[in-house]
Protein chains: 2
Amino acid sequence: MATIKDVAARAGVALGTASRVLSGSSQTSADSRSRVLAAAAELGYIANGPARSLRRARTDVLGLLVSDIRNPFFSELAHAAEQEARHHGYTVLLANANEDAEQADAYLQTFAGQRIDGLLFSPQSTVSPQLAATLASGLPLVFLNRRIEGVDAPLYGTDNAQGVEQVLAWLRSRGHHDVAFVGGPDTISTGAERRAAYLAGRQAHGINTDERLLDAGDFLAGGAAEAMSRILDHDVPFTAVFGANGLTTLGVVRALRERLGAERAARIEIVSFDDLDWFEFASPPISAVRNDASSIGRLGVRGLVDLIAGRPAPGRRVPTTFADRALPAVR
Amino acid sequence: MATIKDVAARAGVALGTASRVLSGSSQTSADSRSRVLAAAAELGYIANGPARSLRRARTDVLGLLVSDIRNPFFSELAHAAEQEARHHGYTVLLANANEDAEQADAYLQTFAGQRIDGLLFSPQSTVSPQLAATLASGLPLVFLNRRIEGVDAPLYGTDNAQGVEQVLAWLRSRGHHDVAFVGGPDTISTGAERRAAYLAGRQAHGINTDERLLDAGDFLAGGAAEAMSRILDHDVPFTAVFGANGLTTLGVVRALRERLGAERAARIEIVSFDDLDWFEFASPPISAVRNDASSIGRLGVRGLVDLIAGRPAPGRRVPTTFADRALPAVR
């Protein structure tokens, strides 16, 4: 197994420098930091756990790094996580990656420099040197709702396959054949899982497989509106749209109203992954998969508390429910 | 001026204990902590600034303590603050008080124990011993949107009087005489300022002054729905409702639809302080004061960066705009 000496040698820095970087000190140059982190990642360096925890005093603080704090799913999740953490005697410091992998790395660095007992993480995409260093430091970590392929940490997240199945069944029950799908980035596990489940299930539910009815945004309203607009440009008719998360659905509604006018837009039924406060007030009301952000936040904290105490934390997929708000027989 | 020795004497603890408490160490008992903090608050203890900053290494981390992360105003503000902070080379750690003064205190304690260079704070109500200790520690601090009477820190916040004036002018232009007002807690400065401006201006704008049309919630949807329900119980007719923040308006819409049904509810015009994503989709659309959360977040960070650098930060009221979504002559 690689030692800190191996990391220092590979990075071409002094042992003390490698040690400072890996313990998250800010007293290091950007250059030596990136070299040490890259070397640690390449060598799969794992810090000596027991020795580290002797050195690290408990702070009763957990870190929570969310993807986008303006996404109601994550603000609800953050709220629930913090309430649960307080039950266990922890406070939670939040950081917002804004769906930006570089920004997520900056916050991993911040958390390394601060003193936290464990990290709840909703990642952007792949393993970065900074994430590798965080994992190597032995800091207890759980993934919330999104995971990174190949990283051995428990995931507490939505059952995306089940949620998409509920949407497909609802679309069929409403008699829709021509359905537009606005997904999220394939680099984010929730985006990839929801798209895969939709593609796998649509034919069995009698849904048009024309690829021009598929597009993807950035899981934010702006990118989703552009994706919806591109689908409209193809001039393939559709009677329903499925938005792959809450902010995506917001962008979908905006684009439809802007391009078609409120009246024609209201003739298209919309269904969403994630249920937002205002869906019941939209016309027509928007049906949605209820993604249980509160349970995910609470279970994630319990899992992290278990890890910190040296107990196993197996991770869990949280079931979704479906809010059917379809008006009786409009068409 | 009170010294740390005076604080220790008043609290009846050893000098080292007082020093540990005031530097935010967790190695102190709850009892000695509360005694030291109370003594520091009573004596108006101010830490020796230069000596402290010599001791305190820069961490390039700012703390941001918001009132409720599920309130879109604060999640937008947090997002903008963090983007601006990154321009200045800082990362931001967020904490959520959940509109709970005790929880706010717990986070002030957490930030004291962590290492931050300055604090952006949206407070709940009054000066607590923990806030007194934070102020006494000499940590640079600015208030965001809400302030505490008597605390000498710059405020970056909404111009509430201007926003309410825009609502009153709009209500008059729409011909409303009987208007229900659902406010927020008077213990929060934004709640108190909006209510005061409404009470001061309503007569001049020809609005019914019947006190049964006034109630207040907790600035969350649940409490606002209850307040709206109490107003309905009085059976005083009204043609419009003014909700004093975004989540209040959500609660108002829910209560009206639940009590009156969607059709009768749609005959009441709603106007809100805070503009939310979905207001344009409501039927009828909801007009709103645009509370510029992004500017407040950005200006607050710039003010805090100035304070950290020893420059003056005068605070600022940020102007509101008004989104008029009234449909032409419904009545």
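Just a few scattered comments:
- Relative contact order (%) - criterion: Cα under 8 Å, at least six apart; region: chain B: 17 percent
- Take each peptide in B:121-134, B:230-243, count the other Cβ atoms within 10 Å of every residue, and average; sorted highest first, the result is B:121-134, B:230-243.
- Ordering of A:250-259, A:7-16 by burial proxy (mean other Cβ atoms within 10 Å per residue, highest first): A:250-259, A:7-16
- The range A:231-262 and the range B:225-265 have Cα centres separated by 31 Å.
- Simple point charges give the picture: +1 on the Cβ of Lys and Arg, -1 on the Cβ of Asp and Glu, and for the range B:160-291 a dipole about the Cα centre of about 240 debye.
- Distances in nm from B:Ala14 to the matching label points in the other copies, shortest first (labels 7 Å along Cα to Cβ): 3.6
- Ascending list, in nanometres, of distances separating the A:Glu211 label from those of the other copies (7 Å, Cα toward Cβ): 7.1
- Relative contact order (%) - criterion: Cα under 8 Å, at least six apart; region: the range B:193-255: 34 percent
- Residue by residue, the range B:293-307 carries 3J(HN,Hα) couplings of 4, 5, 4, 4, x, 5, 5, x, 5, 4, x, 5, 4, 4, 4 Hz when phi is fed to the Karplus relation 6.51 cos²θ - 1.76 cosθ + 1.60 (θ = phi - 60°); x denotes Gly or Pro.
- Label point of A:Gly175 (7 Å along Cα→beta-carbon): distances to the other copies' equivalent points are 4.1 nm, sorted ascending.
- Tensor-based shape of the range B:160-291 (alpha-carbon gyration tensor, a/c under 1.5 rounded, otherwise prolate or oblate): rounded
- Here the protein assembly as shown is described by how far its Cα atoms reach on the three principal axes: 71, 63, 39 Å, from widest to narrowest.
- Isotropic mean projected area of the C-alpha convex hull, the range B:234-312 (nm²): 7.0 nm²
- Within chain A, the percentage of alpha carbon pairs spaced more than 26 angstrom apart rounds to 51%.
- Whole-Hz Karplus values for the range B:278-292 come out as 8, 4, 5, 8, 5, 10, x, x, 9, 7, 7, 6, 8, 8, 7 Hz, taken residue by residue from phi with 6.51 cos²θ - 1.76 cosθ + 1.60 and θ = phi - 60°; glycine and proline positions read x.
- Other protein chain Cβ atoms within 10 Å, averaged over every residue that makes up A:215-226: 0
- Furthest towards positive pole of dipole, B:Thr209, B:Ala169, B:Ala180, structure part chain B, Cβ charges: B:Ala169
- Between the amide H of A:Asp218 and those of A:Gly223, A:Ala224, distances stay under 5 Å, these residues lying 5 or more places away or on another chain, with hydrogens modeled in the peptide plane.
- Other residues with beta-carbon under 9 Å from the beta-carbon of A:Met228 carry, at +1 per Lys or Arg and -1 per Asp or Glu, a net charge of +1.
- Mean separation of Cα contacts under 8 Å (6+ apart) over length of the range B:160-291, as relative contact order %: 25 percent
- Counting Cβ atoms of other protein chains within 10 Å of each residue's Cβ and taking the mean over peptide B:276-282 gives 6.
- The range A:98-166 and the range A:289-325 have Cα centres spaced 15 Å apart.
- Projecting the Cα atoms of B:Val142, B:Phe73, B:Leu199 onto the charge dipole of the protein assembly as shown (Cβ charges, centred on the Cα centre) puts B:Val142 farthest toward the positive pole.
- Shielding score for A:104-117, defined as the mean number of other chain Cβ atoms within 10 Å: 3
- Which of A:Thr248, A:Ala95, A:Ala323, positive extreme of dipole for chain A (C-beta unit charges): A:Ala95
- Under 5 Å, built H, 5+ apart or other chain: amide partners of B:Gly118: B:Gly63
- Assigned charges on the beta-carbon of Lys, Arg, Asp, Glu; the protein assembly as shown dipole about Cα centre (debye): 1500 debye
- Within-10-Å neighbourhood charge of A:Arg290 [Cβ basis; K, R +1; D, E -1]: -3
- Sequentially through the range A:199-215, phi angles give Karplus couplings (6.51, -1.76, 1.60; θ = phi - 60°) of 4, 5, x, 5, 5, 4, 9, x, 9, 3, 9, 4, 5, 6, 8, 10, 8 Hz, Gly and Pro residues having no value and appearing as x.
Here, each number is a calculation from the coordinates, and none is a lab measurement. Just so we're clear, the structure is a prediction, and the values are computed from it rather than from any experiment. Heads up, the Cβs are rebuilt from the backbone with ideal geometry, glycines too, and the neighbour counts pull from every protein chain shown.
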